[in-house]
Amino acid sequence: MLIFPHRFLLIYGNQQRKVQFQCNEPDGSHQVRVVDIKKKASEIFNLAVDHVQVKIWDRGFDDWIDGEDDNEEVEHNSKVQIALADMADAGSRPMDDIPTSVSLASCGTSSPTLCSSVNWVRDYRLPSFPASISTKLENGQALKEGERSAMLEAIYSSVRKYTYYPTSTQYSQIIQLLFDRFTKLAGQPDMSLDNARVLWKYRLQYKFANSRRREDSNVPVVLHRKRKSADNQPTAVQSTKKTPPQWGIANYQPARPSSEDDASIAAHIKWMKQETSKRKPDCDRIKIAMSMTLADRRQQITKDGASIETIQKTYPWLFDEEEMQNEFKRLHEEGIKELLEAGLTKYGSAIIELSRNLKKEQPCLQEALSAIGLQREEKSRREATCTAAALGIPCLLKEQVKDMIVFGEEATDGVPIICGDEEDLASCSTFSVEIDGTIVSSSKDVLSAMAVYLASFYVFNLAYPTRLKRTLTFFQKGVLNIQDNLKPERVVISLLEKLSQLMWRTEITGTTSMLNGIVGGGVALECFVKRVPLGFLHITFKWLLGNKPLLDSCTNEDSTKARKYKYHHDNHGCNLTINDLELTDEGRYRCEAQYSATTVWKHTSLTVNVPPKDVHIINATTGEVYSGDVNVGPGTDHNFTCLAADTKPPAEITWTFAGKNTSGETRVVGTRLHNTSSTFTVPSFQPGQRGNLTCTATGAGGKVVTNIRLLGNYEKTDPSMQSQSIVTFIAVGIAAGFLLVLVAAIVSWQRRKNNIASDGNQ
């Protein structure tokens, strides 16, 4: 178990004192608070405790923060600056002006106050994690780097509701909640429970420090914890300033982290040695331990002059390909393999071109040059080109390749050298880097071994051997771009000038890297080489869509695609014209220009757009498609939908009603092609009112307009009621007719009766 004693470095003016607080609790949970630091400082420096102010070094921000709350816990192994109240920075805000606690609602970005942890124990709960992460944690499966990052991000987001600076106790509570929810997380194989707690505390601390710096550096809570005091600090405070660069490496002699002491360094080293015997070592924690012990390791190598054998016994994990590259990155902050590949890619074609013109090529260089043309895949050819370029550098500088790499032989002296396991380059399956008979690492390819080989000079503080001084200087200043104050030999500068001139004449260019076309139209993709290399007058061009060639070369015509593709070719360029564009023509095009064994290329991304063609106005309720005149009844609002189908990108829809432009509620569906709809509500129309409703769909390549005329209609009756009225009207008419006939008959009868009576009287 790693033990972290409660030790602090107190700094008062030019005086420094190391102090230690005894742990009063049997479980080691006792924490030192600001008030404890103040009391101890008043005793040591003979100060009045009421006037003591403290500033604590925050390793996450690399800055001093004010210890304003007496009950605030101070992380162990911290540096603490002591000052009197009347000696505080003139520009600093008085401590009384800053509240020591607020409600949780004040923890946002709008409040300049500090977050309180008063509700921490009662309110905090672990956040929910994605199902895939929770399943892995429950089953005890290892998380990928991205999954662990998402998990830590969720914890950070939930904790900052309470505080941006959790105390050691709060970190422990978070870890315990994790272990309670995911029991297998605490029982990791080959790791004790205490070590598992330490590992997760490291991860949480690093996450919080990085997130405060990257995401919340402008949050008032964080800003008030940061106090710019570098200009006003005593010179004794600057105990962590960087040492002057050496060999162009800024971190060549790093300082020990303030959280570490001799006991913790010894514990790290002991633990790493124990991990070498385990079948499944904890690689993540090994990286952390190697970073913590870097300063002591550099002291042992650069100042104590430890031998390679001694270093291997003390730090066995250093003798590994990946860890050697990690060590270089700790010193230079950039990966050596990435620098090596970038530099060889930059100069590779020019180095090979000059190497082919050598009067006498060394055997392994001849083999490497011949291997380039045998590679069928782009990645393999690029690696072969970088390998040949690396072997060509000593030849161009009139030095021997065999002093850098040997095949089927053992190293004869103590300088670093690469040893292939077979007698020729093509047959080798393993390349080992050896120093003083000690194998530093083994790699499967020359470039990986070359990265370790170059890193070993910095990692083990080795001088360049005289017989390879020019080659290693070129790798340093030209390929790796690591600059120092030492002036290289004239032959190195001369080679760099030749390569730069040659590279300047071989640049391939295109007019643009992104193009847009319209379905059915055409588009031209340009590609040409400016400043054609001398001696390579014949250049072959080839166009590819993705990884599929369109034609073997620009000089041939494909009869089946004669109308589709057209080429305009000369020795300096090959322009491709694509006619009758389709959606299948969309993609990433690559123009390759090849001369000798060198291939350069340019990428152009083509996007094919589809403009709107037909636009319709539809009844939003019934789905009826409208055109021309449309009758609308009074007393209610009417909803219309405008639809533009199969467009790319989605069309933009606007409405015009009664001469005024307006917009509606828009919705887009579809992935490759899009259907865009917009709903517009027309208010109630009055009988006899008229108005034009226009819908405009604008997209790539133009716009389409459709319109209807709305006519306000009088209120209509229900059709069933109308039919009933007609029947009733007919019935009433018939009845009236019968009544008229009856009345006429009665009148006629009455007249006849009157006439008969009159005749009798006469």
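Note on the stretch 276-303: among residues that are under 31 Å from the mean Cα position of the chain (by Cα) and assigned to a loop (DSSP other than H, G, I, E, B), the one that is nearest to residue 480 (Cα to Cα) is 293. Can you confirm whether residue 344 is under 33 Å from the mean Cα position of the chain (by Cα) and not aromatic (Phe, Trp, Tyr)? Yes, satisfied. None of 452, 415 is surrounded by 15 or more Cβ atoms within 10 Å (Cβ to Cβ) and either modelled with pLDDT of 90 or more or charged (D, E, K, R) (or both) except 452.
Within the stretch 485-502, residues that are assigned to a helix (DSSP H, G or I) sit with their Cβ atoms under 7 Å from residues that are modelled with pLDDT under 80 and open to solvent by less than 70 Å² (accessible area, probe 1.4 Å), at 6+ positions apart or across chains, in these pairs: 502/533.
Selection of the stretch 265-288 for residues being touching a helix residue (DSSP H, G or I) at 6+ places or on another chain (Cβ under 6 Å) and open to solvent by 30 Å² or more (accessible area, probe 1.4 Å) yields 276, 281.
Each residue in the stretch 578-588 was checked for being buried (at least 17 other Cβ atoms within 10 Å of the Cβ) and either in a strand (DSSP E or B) or at pLDDT below 85 (or both), and 1 pass.
Within the stretch 502-523, the set of residues being at pLDDT below 60 and exposed (fewer than 14 other Cβ atoms within 10 Å of the Cβ) comprises 504, 507, 509, 511, 512. Quickly run through the stretch 666-696 and pick out the residues that are closer than 17 Å to residue 709 by Cβ, open to solvent by 60 Å² or more (accessible area, probe 1.4 Å) and either part of a strand (DSSP E or B) or among the hydroxyl-bearing types (Ser, Thr, Tyr) (or both). Once the filter is applied, which keeps residues that are closer than 17 Å to residue 709 by Cβ, open to solvent by 60 Å² or more (accessible area, probe 1.4 Å) and either part of a strand (DSSP E or B) or among the hydroxyl-bearing types (Ser, Thr, Tyr) (or both), the stretch 666-696 yields 690, 692.
Return the only residue of 75, 25 being at pLDDT 75 or above, outside any strand (DSSP E or B) and among the acidic types (Asp, Glu).
75
Residue-wise test of (1) at pLDDT 75 or above; (2) open to solvent by less than 30 Å² (accessible area, probe 1.4 Å); (3) assigned to a strand (DSSP E or B); (4) farther than 19 Å from residue 382 by Cα.
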| site | (1), (2), (3), (4) |
| --- | --- |
| 543 | yes, yes, yes, no |
| 555 | no, no, no, yes |
| 563 | no, no, no, yes |
| 576 | yes, yes, yes, yes |
| 590 | yes, yes, yes, no |
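Out of the residues in the stretch 418-449 that are open to solvent by less than 60 Å² (accessible area, probe 1.4 Å) and β-branched (Val, Ile, Thr), which is farthest from residue 461 (Cα to Cα)? So, considering only residues that are open to solvent by less than 60 Å² (accessible area, probe 1.4 Å) and β-branched (Val, Ile, Thr), the one farthest from residue 461 (Cα to Cα) is 430.
One residue alone among 423, 497 is of a type in the set (D, E, K, R) and over 15 Å from residue 351 (Cβ atoms), and that residue is 423. Only residues that are open to solvent by less than 20 Å² (accessible area, probe 1.4 Å) and part of a helix (DSSP H, G or I) were counted across the stretch 311-346, and they come to 11.
A search for C-beta distances below 6 Å between a residue of the stretch 322-351 that is among the basic types (Lys, Arg) and any residue that is open to solvent by less than 30 Å² (accessible area, probe 1.4 Å), counting only pairs 6+ apart in sequence or on different chains, returns 329/335; 330/294; 337/451. Can you tell me which residues in the stretch 153-173 are within 27 Å of the chain's Cα centre (by Cα), surrounded by 19 or more Cβ atoms within 10 Å (Cβ to Cβ) and part of a helix (DSSP H, G or I)? Those that are within 27 Å of the chain's Cα centre (by Cα), surrounded by 19 or more Cβ atoms within 10 Å (Cβ to Cβ) and part of a helix (DSSP H, G or I): 155, 156, 159.
Output the residues belonging to the stretch 592-642 that are free of Cβ contacts under 8 Å to residues at least 40 places away in the same chain, touching a strand residue (DSSP E or B) at 6+ places or on another chain (Cβ under 8 Å) and assigned to a loop (DSSP other than H, G, I, E, B). Of everything in the stretch 592-642, those that are free of Cβ contacts under 8 Å to residues at least 40 places away in the same chain, touching a strand residue (DSSP E or B) at 6+ places or on another chain (Cβ under 8 Å) and assigned to a loop (DSSP other than H, G, I, E, B) turn out to be 621, 624.
In the set 371, 306, which member is among the small types (Gly, Ala, Ser) and more than 23 Å from residue 403 (Cα to Cα)?
Working: 371 fails: more than 23 Å from residue 403 (Cα to Cα).
Of the residues listed, the single one that is among the small types (Gly, Ala, Ser) and more than 23 Å from residue 403 (Cα to Cα) is 306.
For the criterion of being touching a residue at least 24 places away in the same chain (Cβ under 8 Å), closer than 19 Å to residue 365 by Cα and not basic (Lys, Arg), residue 399 passes. Every test in (1) under 33 Å from the mean Cα position of the chain (by Cα); (2) closer than 30 Å to residue 291 by Cα; (3) open to solvent by less than 50 Å² (accessible area, probe 1.4 Å) is passed by residue 306 save one, and that test is (1). Residues considered: 673, 643. Of these, the only one that is in contact with a Lys or Arg (Cβ under 7 Å, 6 or more places away or on another chain) and under 19 Å from residue 702 (Cβ atoms) is 673. Restrict the check to the stretch 712-734 and report whether at least one residue is modelled with pLDDT of 75 or more and not in a helix (DSSP H, G or I). The answer is yes, given that some residue of the stretch 712-734 is modelled with pLDDT of 75 or more and not in a helix (DSSP H, G or I).
The values are calculated or read from the model by the stated rules, or taken from the named source; none is laboratory data. These figures come from a predicted structure and were not determined experimentally. Methodologically, a virtual Cβ is constructed for each residue, glycine included, from the backbone with ideal geometry; neighbour enumeration extends over all protein chains shown. Just so you know, the surface numbers come from the protein's heavy atoms only, side chains and all, with ligands and any DNA or RNA stripped out. Shrake-Rupley method; radii C 1.70, N 1.55, O 1.52, S 1.80 Å.
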